[in-house]
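Worksheet: the structure to be examined is printed underneath.
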Amino acid sequence: IRFPNALRDQLDNMGVPVRLRWKLTKLSWDQDRQEHVLDYETPEGPTRLRSRSVVLTTPSHIAAELLRPLSSSAADALEEIRYPRVAALTVEYPRSAFREPEHGKGPV
């Protein structure tokens with residue numbers, strides 16, 4: 001089971017609905033209703049939701065793009081965040097390749 005599916009299933013069991021493959025395309029503020037307006041592209045087509053609060057869990061450059069219409073200063077600050085380049089490499093050896101038993105667990 002992939003992690004997003006397992007997380008969705010666990011939250012669904014707790015009564016918290018989770019939707020996968022929804023892409024937030026626009027975030028705006030409805031001043032009259034004092035609500036956030038969220039426009040999504042979904043597998044079923046475009047969808048609009050309203051919410052009193054929003055949590056963005058995206059890389060800063062994506063959050064900046066979504067927030068720019070609401071706050072250019074926040075978007076500018078988010079665009080200044082730089083991420084280090086990361087590379088991950090996994091190498092496996094048979095147990096017979098070690099003269100002594102390995103100590104610890106996981107990658108070293």
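Only the coordinates and a few stated rules stand behind these numbers; no lab work does. Fair warning: this is a prediction, and the values are worked out from it, not measured in the lab. Note: ideal-geometry Cβ built from the backbone for every residue, glycine included; neighbour counts use all protein chains shown.
Where does the longest stretch of the chain lie that holds no trypsin sites (Lys or Arg not before Pro) found in a DSSP loop with 15 or fewer other Cβ atoms within 10 Å? Walk me through the numbers on the way to the answer.
Numbers: sites that count: Arg2, Arg19, Arg21, Arg33, Arg52, Arg82, Arg85, Arg99, Lys105.
Here the longest segment lacking exposed loop sites spans 53-81.
Filter the GluC sites (Glu not before Pro) in region 11-51 down to the DSSP loop ones having no more than 13 other Cβ atoms within 10 Å, then list what survives.
Glu44
³J(HN,Hα) across region 21-31 via Karplus (A = 6.51, B = -1.76, C = 1.60, θ = phi - 60°), whole Hz, x for Gly/Pro?
Values, residue by residue: 6, 9, 10, 6, 9, 7, 10, 9, 10, 9, 4 Hz.
Along the Cα→Cβ direction, 7 angstrom out, place labels at Ser53 and Tyr93. What is the inter-label distance in nm?
Here the modelled spin labels are 5.0 nm apart.
Within 10 Å of each candidate Cβ there may be at most 14 other Cβ atoms; applying that plus a DSSP loop requirement, which chymotrypsin sites (Phe, Trp or Tyr not before Pro) in region 14-108 survive?
Numbers: sites: Trp22, Trp29, Tyr40, Phe98; in loops: Trp22, Phe98.
Sparse-neighbourhood loop chymotrypsin sites (Phe, Trp or Tyr not before Pro): Phe98.
What residues from region 38-80 fall in the zone where the backbone N is under 12 Å from a label point 7 Å along the Cα-to-C-beta line of Thr25?
In region 38-80, the label zone of Thr25 (backbone N under 12 Å from the point 7 Å along Cα→Cβ) covers 39-48.
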